[in-house]
Amino acid sequence: MVKKQVDLSIAIVSWNTRDLLAGCLSSVQKDRESSQHLAVETFVVDNASADGSAQMVSESFPWVKLIRNPENVGFAGANNQAIDQCSGKYVLLLNSDTEVHAGALGTLVTFMDAHPRAGACGARLIGGDGSLERACHPMLTPEREFWRLTFLDKMWPRATYTMETWDTETPRRVEVIKGACLLIRREALDQVGLLDGRYHMYTEEVDFCYRLIEAGWELWYVPQA
């Protein structure tokens, strides 16, 4: 039997997020069922959770490839463990506290297929209360951080994007995509390497996006997903 090529590998890192993780995996399962044209594999890396997360995944989601860590190796390190085992054309880093809306995965993959210079893309993030979350932002610089920390950004945005004014049907080039939902082209991963494990948590995606841009790849925000 010829093994079907994997289109999309999903990597989810969890640390004591059992109930949120169950909601995330349920949403991925529903999206997979509605997008059967996509061959998808899903990894969960459990960072030594004490809330039964790993057992829940093993019992309720047997189709998930579960990696159990005896200690918390951090967000970047755990994602790298999954990436090392991924075989998809694209790799999606997905937070355990997210839920995938119907068709979102297919929309992201379709966009990447149509834009070969896109090294990575991200989706529109909506909070539980329906508010727009910051899915992307300009590249961090000392000047922009000063601007943000002194609240000058509220008067004249330079450290953030005015995403509230963006058309929800039009993709945009951006500089940094949040790691909550970051779809990466395998070819780009192979070129720039894994996430920097020295970042235990936070800012690892900023470093990774910087390396993608330096290597000549484009980054896109895809609000239709």
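Points worth noting:
- Set side by side, the residues V57, V100 differ, and just one is β-branched (V, I, T) and either under 19 Å from A180 (Cα atoms) or outside any helix (DSSP H, G or I) (or both), which is V100.
- Apart from one condition, G88 fits all of (1) assigned to a loop (DSSP other than H, G, I, E, B); (2) more than 19 Å from W220 (Cα to Cα); (3) without any contact (Cβ under 8 Å) to a residue 40 or more places away in the chain; the exception is (3).
- Tally, over region 20-49, of residues that are over 20 Å from A76 (Cα atoms), in contact (Cβ under 8 Å) with a residue 60 or more places away in the chain and not small (G, A, S): 7
- Wholly within region 106-223, helices (runs of 4 or more DSSP H) carrying at least 2 residues that are open to solvent by 50 Å² or more (accessible area, probe 1.4 Å), modelled with pLDDT of 95 or more and of a type in the set (A, V, I, L, M, F, W, C): none
Per-residue answers, yes or no, for (1) over 16 Å from the mean Cα position of the chain (by Cα); (2) within 16 Å of A104 (Cα to Cα); (3) open to solvent by 60 Å² or more (accessible area, probe 1.4 Å); (4) hydroxyl-bearing (S, T, Y):
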residue	(1), (2), (3), (4)
V13	no, no, no, no
R18	yes, no, yes, no
H37	yes, yes, yes, no
V40	no, yes, no, no
Q55	yes, no, yes, no
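- In region 203-219, the residues that are among the hydroxyl-bearing types (S, T, Y) reach residues that are loosely packed, with under 15 Cβ neighbours inside 10 Å with C-beta atoms within less than 7 angstrom, at least six apart or across chains, in these pairs: Y210/M139.
- Flag for S60 being among the hydroxyl-bearing types (S, T, Y), touching a residue at least 12 places away in the same chain (Cβ under 8 Å), out of contact with any strand residue (DSSP E or B) (no Cβ under 7 Å at 6 or more places or on another chain) and open to solvent by 30 Å² or more (accessible area, probe 1.4 Å): yes
- Among (1) assigned to a strand (DSSP E or B); (2) farther than 26 Å from H200 by Cα, the one test that V6 misses: (1)
- Among the residues of region 16-44, those that are of a type in the set (D, E) and modelled with pLDDT of 95 or more comprise D19, E41.
The values are calculated or read from the model by the stated rules, or taken from the named source; none is laboratory data. These numbers were taken from a predicted model, which means no experiment stands behind them. Glycine gets a Cβ as well: all are built from the backbone with ideal geometry, and neighbour counts include every protein chain shown. Just so you know, the surface numbers come from the protein's heavy atoms only, side chains and all, with ligands and any DNA or RNA stripped out. Shrake-Rupley method; radii C 1.70, N 1.55, O 1.52, S 1.80 Å.
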